[in-house]
Amino acid sequence: MIFSHHTMQEILPILQNRLKTKETVSFKILDPDLGEGYAGEKIIIKDQSYIYRGYKAWTDLAEILKCRMLTPQKCEEPLVTLRFKKMEEDSFHSDTPKSKEEKYGADSHFFQINKMEEPAFLYYYQQALENVKVGDRKQILNLGVNRGDEFEVIRKQLNIKKYEKMEFIGIDHSQSAIEYARHIFPENNFTFYAHDINDIESLRLGRFDLLISIGTLQSPSINFKPFFMSLVQNFLKKDSAVILGFPNCRWIGGEMIYGAKAPNYAMSEMSLLFNDVIFCKKYLQQKKYRVTITGKQYIFLTATKIGL
């Protein structure tokens, strides 16, 4: 199967049909190294017409088809062979743990995920940390801390003298995740609680100058909007900052796939996601925060106080 002059509108249904019965499909395309410019540009090589697309277009197509693109192979010039292999459907989204507290625990699929090795996550998270001037913060609260990946980035990023003067508090429902985090962060300036954040008031934590929460506040067990307003009113200092991460992805076969799955939809549908994002943006702006929204697979909302 050679896609030389085929449009993407022709290619997509062909591959979709092949993948209904096959685990792997292979096809030949113009070697992307032989062209530059925009996808769809026509290139003439030895009187043969080809449509140019970069590797980015093909990896995007593989993701849409829930496939992994295997290493391209050289074949007769000017072509290369691409292979798309269907991902296994294993995912923490379908896990059925013995207790709801351990859905994200040390024995779960979720615990195997290292978001910081995904450039599309790490880059925007580091950008958010720079935006809030994390090195100037003294007390940091992370809700849904799990094994502490967000803290690890801060620990590696900061000068040790600054880092040792900061106080880190992490809360998660999973006892096994918290035990792991305590092992990874034995320093005296780290405190971890295995606790339901719906009952955060009972911990009597005081106020913080940075709140971090990645993919936790939208959990079904949390009444998101009133809970978020309570956090801002009761747990943040006047000159505080906020970093929230809203998942716009699913984890399938070890891959971070763009587009959150909404209830009752077969496709990715982002109304609920952006409803929450815009609510937080407007509420924080009312409280005199400057708010930015960045990201891709995770939407990062970053807020800093204006004039302080």
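Counting only residues that are among the hydroxyl-bearing types (Ser, Thr, Tyr) and surrounded by fewer than 21 Cβ atoms within 10 Å (Cβ to Cβ), which one in region 189-216 is nearest to Lys288 (Cα to Cα)?
Across region 189-216, the extreme among qualifying residues is Ser202.
Hey, among the residues in region 133-179 that are in a strand (DSSP E or B) and charged (D, E, K, R), which one's nearest to the chain's Cα centre (by Cα)?
Among residues in region 133-179 that are in a strand (DSSP E or B) and charged (D, E, K, R), the one nearest to the chain's Cα centre (by Cα) is Asp172.
Taking Ser219 as meeting all but one of (1) more than 25 Å from Asp136 (Cβ to Cβ); (2) surrounded by 14 or more Cβ atoms within 10 Å (Cβ to Cβ); (3) at pLDDT 95 or above, write down the number of the exception.
Every condition holds for Ser219 apart from (3).
Exactly one of (1) within 18 Å of Lys282 (Cβ to Cβ); (2) not in a strand (DSSP E or B) is unmet by Ile243. Its number?
With (1) within 18 Å of Lys282 (Cβ to Cβ); (2) not in a strand (DSSP E or B) applied to Ile243, the lone miss is (2).
Would you mind listing the strands (runs of 3 or more DSSP E) fully within region 8-63 where at least 3 residues are at pLDDT 95 or above and in the same structural domain as Leu79 (by TED's automatic domain parsing)?
24-30
For residues that are buried (at least 17 other Cβ atoms within 10 Å of the Cβ) and not hydrophobic (A, V, I, L, M, F, W, C), scanning just region 145-154, find the one that is nearest to Ile243 (Cα to Cα).
The qualifying residue nearest to Ile243 (Cα to Cα) is Glu150.
Consider region 262-296. How many of its residues are free of Cβ contacts under 8 Å to residues at least 24 places away in the same chain, outside any helix (DSSP H, G or I) and under 11 Å from Phe246 (Cβ atoms)?
Of the residues in that region, 2 qualify.
Considering only residues of region 26-40 that are under 12 Å from Trp58 (Cβ atoms) and not charged (D, E, K, R), which is surrounded by the fewest Cβ atoms within 10 Å (Cβ to Cβ)?
That would be Ala39.
Inspect all residues belonging to region 209-218 and state whether any of them is in a helix (DSSP H, G or I) and closer than 30 Å to Met270 by Cα.
Checking region 209-218: not a single residue is in a helix (DSSP H, G or I) and closer than 30 Å to Met270 by Cα.
From the residues in region 76-85 that are over 13 Å from Pro32 (Cβ atoms) and modelled with pLDDT of 95 or more, which one is surrounded by the most Cβ atoms within 10 Å (Cβ to Cβ)?
Per the criteria, the residue is Phe84.
Cβ-Cβ distance below 9 Å, separation of 6 or more or different chains: which pairs start in region 160-173 with a residue that is in the same structural domain as Phe110 (by TED's automatic domain parsing) and within 11 Å of Ile212 (Cα to Cα) and end on one that is basic (Lys, Arg) and at pLDDT 90 or above?
Phe168/Arg155
Testing Gly254 on (1) more than 23 Å from Gly135 (Cα to Cα); (2) surrounded by 18 or more Cβ atoms within 10 Å (Cβ to Cβ), one condition comes back false. Which one is that?
That leaves (2) as the condition not met.
The values are calculated or read from the model by the stated rules, or taken from the named source; none is laboratory data. If you're wondering where the values come from, they're calculated on a predicted model, not measured in any experiment. Cβ sites come from the backbone with ideal geometry, for glycine too, and all protein chains shown count toward neighbours.
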